[in-house]
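The values are calculated or read from the model by the stated rules, or taken from the named source; none is laboratory data. Because the structure is a prediction, the values reported are computed rather than measured. These accessible areas exclude ligands, DNA and RNA; they are computed on the full protein's heavy atoms, side chains included. Shrake-Rupley method; radii C 1.70, N 1.55, O 1.52, S 1.80 Å.
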There are 2 protein chains.
Amino acid sequence: MSTTAPLRPRKAQIDRTATALFRARGFAATSMRELATALGLEAGSLYSHIKSKEEILHRVCFGLADSFFAGFAAATQEAAPVAAQLRQAIVAHVRVLTHDSAASAVFLHEWRHLSEPARSEFLALRDRYEGAFRALIARGVAAGELHTPDPAFAALTLLASLNWLPNWYRPEGKLSPDEIAHRLAEQLLSGLV
Amino acid sequence: MSTTAPLRPRKAQIDRTATALFRARGFAATSMRELATALGLEAGSLYSHIKSKEEILHRVCFGLADSFFAGFAAATQEAAPVAAQLRQAIVAHVRVLTHDSAASAVFLHEWRHLSEPARSEFLALRDRYEGAFRALIARGVAAGELHTPDPAFAALTLLASLNWLPNWYRPEGKLSPDEIAHRLAEQLLSGLV
DNA sequence: TAAGCCGGCTAACGCCCGTTAGCAAACGGC
DNA sequence: GCCGTTTGCTAACGGGCGTTAGCCGGCTTA
């Protein structure tokens, strides 16, 4: 858990606005002049607050990675049946996705515009997170609580389903984040028969 | 099924190379000069073959949409149990994804760089395709072959899992496309218990 | 009231972008 | 052997890009 120093409010606002633009148009297709206009500024003024365009992307991507790891750790630290831990991990994952779906979309799609070595570091984190799910499922299989021919495969499809959420989630929708999480868990753990 | 006129070979090669670059770097971050260099040309020469950068993206996105619809139609035209039809539709979808995973990745991620009205037309096609899966699942539920509280939800998670495939599929991997398709179908239809 | 930071401006830098115009070599079919 | 098509080149266009330098008003704190 890298301790993120509290951002000055203006800087946090820049991050939020940039995140929304990055999500809507993509990182490469969003210009600093567009971002400045959206904030009611001139382009040059942004550089009183940030060092570069990529710095924003870096903060968004790694900040969200921290959130995902924190959620997973909290969900799996109790001594509960593995299936219940997996359910909790799904809920935690969905909570992060829904709490800031714009940042999540950026996290999922725009990380490749990070330049090295940040890009490789990011991918390593992503692999580690996926590995944690894989290991959890494997423990469930070993304990006889879960059944799948291939835990890696299962982890892949599970996370893929969850990560599609930012594409259709609307905060004003009928289902609350936790209801969505439980339905997803139900669906993914029980299948369609 | 819009009949795609056969492309002249050079033009087809430009499309293929561009697709690979769009996938690796993203549409907006890929320059015509990069594309030309990858083909051993100068940037201006590209315009003897194509009208614009976006034209390439348009062809890739809509061409793949055609493939998906064709696969789905072939999979569901026989009078088989709905569950079997769904299995076949999954296999068809996976075949398209694996046959050209670069184009699939572009189809899935870069369509938003289409300008209007192409962008809206693309989204309408995508909705229609998703709707076809949803309807198929709903028919399965009505026939008592499938069980899910919410066919729309099920269609969403199913396609999400499948569409993650281009992110990890490697043609030289151990599993053949059809083996992957059957495992995915198994996983998604039966769950983890 | 002075000092110092915070937040913003204007102007400009060098560079890269997509695209066009005009020209020329190579080649296949009649 | 001619003609049209295909394929490519060079040079340049107007414009947008990320970023920097230098400046300044206004707020906070001593």
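Round to a whole angstrom and tell me the spacing of the C-alpha centers of region B:54-104 and region A:83-152.
Centre-to-centre (Cα) distance: 28 Å.
Across the protein assembly as shown, how many lysine pairs, 8 or more apart or on two chains, come within less than 13 Å at their alpha-carbon atoms? Spell out each step's value before the answer.
Details: A:K11/A:K51; A:K11/A:K53; B:K11/B:K51; B:K11/B:K53.
Value for the protein assembly as shown: 4.
Buried accessible area between A and B (1.4 Å probe, both chains summed, ligands and nucleic acids excluded), in Å² to the nearest 100?
Working: alone 10800 and 10770 Å², together 18320 Å².
Between A and B, the summed buried area is about 3200 Å².
Tell me, what ³J(HN,Hα) does each residue in region A:51-56 have, in order and in whole Hz, if you take phi through Karplus 6.51 cos²θ - 1.76 cosθ + 1.60 with θ = phi - 60° and put x for Gly and Pro?
Using θ = phi - 60°, the values come out as 8, 7, 4, 5, 4, 5 Hz.
For region B:22-77, taking Cα atoms only, what is the radius of gyration to one decimal and the Dmax to the nearest whole Å?
Taking only Cα atoms of region B:22-77, I get Rg and Dmax of 15.1, 48 Å.
Please calculate the 1.4 Å probe accessible area of A:E145, with all protein chains present, and give it to the nearest 10 Å².
Taking all protein chains as shown, A:E145 has close to 60 Å².
Students sometimes get this wrong: rank A:E110, A:E172 by accessible area, probe 1.4 Å, all chains present, largest first.
These residues rank, largest area first, as A:E172, A:E110.
Pulled fully out, how much extra length does the chain show between A:T37 and A:E172, if you take 0.36 nm times their separation in residues and subtract their Cα-Cα distance? Don't jump to the answer; show the numbers that get you there.
Numbers: separation 135, 0.36 × 135 = 48.60 nm, distance 2.74 nm.
Working it through step by step, the gained length comes to 45.9 nm.
For region B:113-193, what is the relative contact order in percent, using Cα pairs closer than 8 Å and at least 6 residues apart in sequence?
Details: 23 pairs, mean separation 15.9, N = 81.
Computed over region B:113-193, the figure is 20 percent.
Averaged per residue, what accessible area in Å² does the protein assembly as shown show with a 1.4 Å probe, protein chains only? Walk me through the numbers on the way to the answer.
Details: 18320 Å² over 386 residues.
I get 47 Å² per residue for the protein assembly as shown.
With contacts defined as alpha carbon pairs under 8 Å and 6 or more residues apart, what's the relative contact order of region B:54-190 in percent?
On the way: 115 pairs, mean separation 44.1, N = 137.
Averaging sequence separation for qualifying contacts and normalising by length gives 32 percent for region B:54-190.
Checking buried surface per residue: for region B:97-129, which residues lose a minimum of 40 Å² accessible area in the protein assembly relative to the chain alone (1.4 Å probe)?
Residues of region B:97-129 that lose at least 40 Å² of accessible area once the other chains are added: B:R112.
Using a 1.4 Å probe on the protein heavy atoms only, what accessible surface does A:S67 show? Give it in Å² to the nearest 10.
Here the accessible area works out near 50 Å².
Taking only Cα atoms, what is the 0 to 90° angle, nearest 10, from helix B:151-163's long axis to the longest principal axis of chain B?
Approximately 40 degrees, to the nearest 10.
Provide the solvent-accessible area of A:Y47, counting protein heavy atoms only and rolling a 1.4 Å probe, rounded to the nearest 10 Å².
Per-residue accessible area (A:Y47): approximately 110 Å².
For region B:54-190, what is the convex hull (Cα atoms) projected area averaged across all directions, in square nanometres? Spell out each step's value before the answer.
Working: hull surface 33.1 nm².
That works out to 8.3 nm².
Just to confirm the number: angle between the C-alpha axis of helix B:118-142 and the first principal axis of chain B, 0 to 90 degrees, nearest 10?
Here the helix axis deviates by roughly 20 degrees.
If you average the sequence gap of Cα pairs under 8 Å that are 6 or more apart and divide by the length of region A:54-121, what percent do you get for the contact order? Numbers along the way, then the final one.
Values: 43 pairs, mean separation 28.9, N = 68.
It comes to 42 percent, rounded to a whole number.
Rounded to whole Å and sorted largest first, list the principal axis extents of the Cα atoms in the protein assembly as shown.
Result for the protein assembly as shown: principal-axis Cα extents of 58, 57, 39 Å.
Short version: ³J(HN,Hα) in whole Hz for each residue of region B:28-34, in order, from phi by Karplus 6.51 cos²θ - 1.76 cosθ + 1.60 (θ = phi - 60°), x for Gly and Pro, what are they?
The phi angles translate into 5, 8, 9, 9, 4, 5, 4 Hz.
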